[in-house]
Amino acid sequence: MKPARPSAPVTRRDFHSLGIAAAASGVGLLGAGPAQAQGGPVEGTHYQRLAKPIPMATTGKVEVVEFFWYGCPHCFALEPALEQWLTKLPPDVNFRRVPAGFTPQYEFHQKVFYALEAMGQLGNVHRKLFNAIHQEHKRMSTEAEVTAFVAGLGVDGAKFAETMKSFSVIGKVRQARQLADAYAIDGVPTLGVQGRWRTSASMAGGVDKTFVVADYLIAQARKSL
């Protein structure tokens, strides 16, 4: 069986095929990765500074956001390295996932994510949903399909379907869209750091190097806490 293809592009614009392959495999796109670049990651190459910084609440913590889509094969490829990185995250860093909403299919998965979060089931379902799409080749593109899937994992299917349509979830979807616009996100997966910078595997030079750059940006953000 051929792997299921996402029903919408991974980005708002087409990535160069070499860039996509390198981002998914962790092969560097650059002649020198951030670990090799003299003085550390290079602005404009390994990460980008936002033209307009996003106002951040004063919490004493650095915020890191991952923009993703369940149907994105590169988000799925990033997930193991991301999970490993999260186990070592210092207590002064606040991490959160934000599903992107570029198309109606992306928006549908936003509602799935926020419904699971509202029900306290995200930890139980998040990785399993990724696996179902990318390893079991299930599309997970309709409410009936996803509801049956989560019900099979012990989630109240009727409550899940109701929560997807709730004002709370719709509000979260709107906030996610606003944050993605503020970060000028045009593809996933992308990491945003402290409302000032963004990076990705294609910018950093590979999956693992994404987190080298993220650690560097976190260190920069700490200087102004």
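Side notes on the structure shown:
- Calculation over all alpha carbon pairs of the range 114-225 in 5 angstrom steps from 0 returns a P(r) of 2, 10, 15, 15, 17, 17, 13, 8, 3, 0 percent.
- Local net charge near Tyr216, Cβ-Cβ under 14 Å (Lys/Arg +1, Asp/Glu -1): +3
- Fully extending the segment from Ser168 to Glu143 would add 7.2 nm, taking 0.36 nm per residue of separation and subtracting the current Cα-Cα distance.
- Spin-label model distance (nm) - Lys128 vs Arg49, 7 Å beyond Cα toward Cβ: 4.5 nm
- Projected label distance in nm at Ala161 and Gln135, using a 7 Å step from Cα toward the beta-carbon: 2.8 nm
- Length gained on full extension, Gln84 to Arg96: 2.8 nm, using 0.36 nm per residue less the C-alpha separation.
- Arg177 - accessible surface, heavy atoms, 1.4 Å probe, Å² rounded to 10: 100 Å²
- Alpha-carbon centroid distance for the pair the range 172-222 / the range 69-121, whole angstrom: 13 Å
- For the range 39-153, the tally of Lys pairs with Cα-Cα distances below 24 Å comes to 6, considering only residues 8 or more apart or on different chains.
- Summing charges over all other residues whose Cβ lies under 13 Å from the Cβ of Ala81, with Lys and Arg as +1 and Asp and Glu as -1, gives -3.
The values are calculated or read from the model by the stated rules, or taken from the named source; none is laboratory data. The model shown is predicted, which means the values in this text are computed figures rather than measured ones. Here the Cβ is made from the backbone with ideal geometry for all residues, glycine too, and neighbour counts use every protein chain on show. Accessible surface areas use protein heavy atoms only, side chains included; no ligands, DNA or RNA. Shrake-Rupley method; radii C 1.70, N 1.55, O 1.52, S 1.80 Å.
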